[in-house]
1. Between Lys84 and Thr58, what is the label-to-label distance in nm when each label sits 7 Å out along the Cα-to-Cβ direction?
2. Would you mind ranking Ser176, Ser181 by Cβ crowding within 10 Å, fewest neighbours first?
3. What does the net charge come to around Pro217 if you take all other residues with beta carbon closer than 11 Å to its beta carbon, with K and R at +1 and D and E at -1?
4. What spacing in nm lies between the two simple spin-label points modelled at Phe16 and Arg158, each 7 Å away from Cα in the Cβ direction?
5. Work out the FRET efficiency for Gln24 and Glu203 from their Cβ-Cβ distance, taking R0 = 30 Å, and round it to the nearest 0.05.
6. Quick check on the exposure proxy: order Arg97, Arg199 from fewest to most C-beta atoms within 10 angstrom.
7. Kindly state, to the nearest 0.05, the FRET efficiency for Ile180 paired with Asn91, given R0 = 22 Å and r defined as their beta-carbon distance.
8. Distance check, please: which entries in Lys54/Lys84; Lys51/Lys84; Lys14/Lys207; Lys51/Lys92; Lys14/Lys92 exceed 29 angstrom between their Cα atoms?
Amino acid sequence: MRTYRTTSSPFTEKPFYTPDEVEQICVDSLQSVNLLPSEPQPIRIERFIEKQFKIYPTYEDLPEGVLGCIAFTTNGVKGIIISKSLSEEANKIAERRINTTLAHEAGHALLHTHLFVLGQKPESLFGNNVDSRKPKILCRNDAIQGIRSYKEIRYDGRWWEYQANFAIGPLLLPRSLIMISLEPFLVKMGMLEIPILNRGRQEEAVKTVAETFDVNPIVAKIRLDMLFPPSKDGQLTL
């Protein structure tokens, strides 16, 4: 991870992570608390937060359009709050959205805690209805990957949200487990026999991944598109 000085964001420093670095941070963190399964299955993301950060996510009323937020102090992560309205929907789609939101907040915790430990406080990240004296990052509907379609997701300069979004995939759909679950849908190409996704079975692959890891199909599709970019003819990004 490299760090750059910046004047174009609420933070004075901008950490830069490569995709492989984010993947490794997430995998190492899951392994450190014995929550990386040996076989494809849903990741216990709420339990991961409890064990990794020694906090229990709470469900409270949040401003309209806010799915969750994470609170930091100079000692680290203080708390993660999820919108109570999500839990009140009480259906599988909402439960999966909760897990996606939890993974997004965990991404902030893994990648950005050091900014607050160093004493930085991004005032302009706070909404009008939230006490700006309390160091929090708010995560609105449009910030969390997996709520909107893949084509609607754009990098809009909020690199802290972009980075937290990227962590959702490795946390909920670890690459090593994805590869096992996708074995029936992969073909090997070239002399190196590099595995690529059989595009003719992509919808079936998305459905299988969504059910195996208990995520909404859009989250599964985004993860597969990241690992097997269509522009590269489905070749796995290593």
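Computed from the coordinates by the stated procedures, all read-outs in this text should not be read as laboratory data. Only a predicted model underlies this, so the values are computations on that prediction, with no experimental measurement involved. Virtual Cβ from ideal backbone geometry, glycine too; neighbours counted across all protein chains shown.
1. For Lys84 paired with Thr58, the spin-label model returns 1.1 nm.
2. With the fewest neighbours first, Ser176, Ser181 line up as Ser176, Ser181.
3. On the way: positive: Arg96, Lys207, Lys221, Arg223; negative: Glu203, Glu211.
Counting the neighbours of Pro217, the net charge comes to +2.
4. Reported label-point gap for Phe16 and Arg158 is 2.3 nm.
5. Result of the calculation: an efficiency of 0.50.
6. Ranking Arg97, Arg199 by Cβ neighbours within 10 Å, fewest first, gives Arg199, Arg97.
7. Computed FRET efficiency for Ile180 and Asn91 comes out at 0.15.
8. Numbers: Lys54/Lys84 21 Å; Lys51/Lys84 22 Å; Lys14/Lys207 36 Å; Lys51/Lys92 24 Å; Lys14/Lys92 36 Å.
Cα-Cα > 29 Å for Lys14/Lys207; Lys14/Lys92; rest within.
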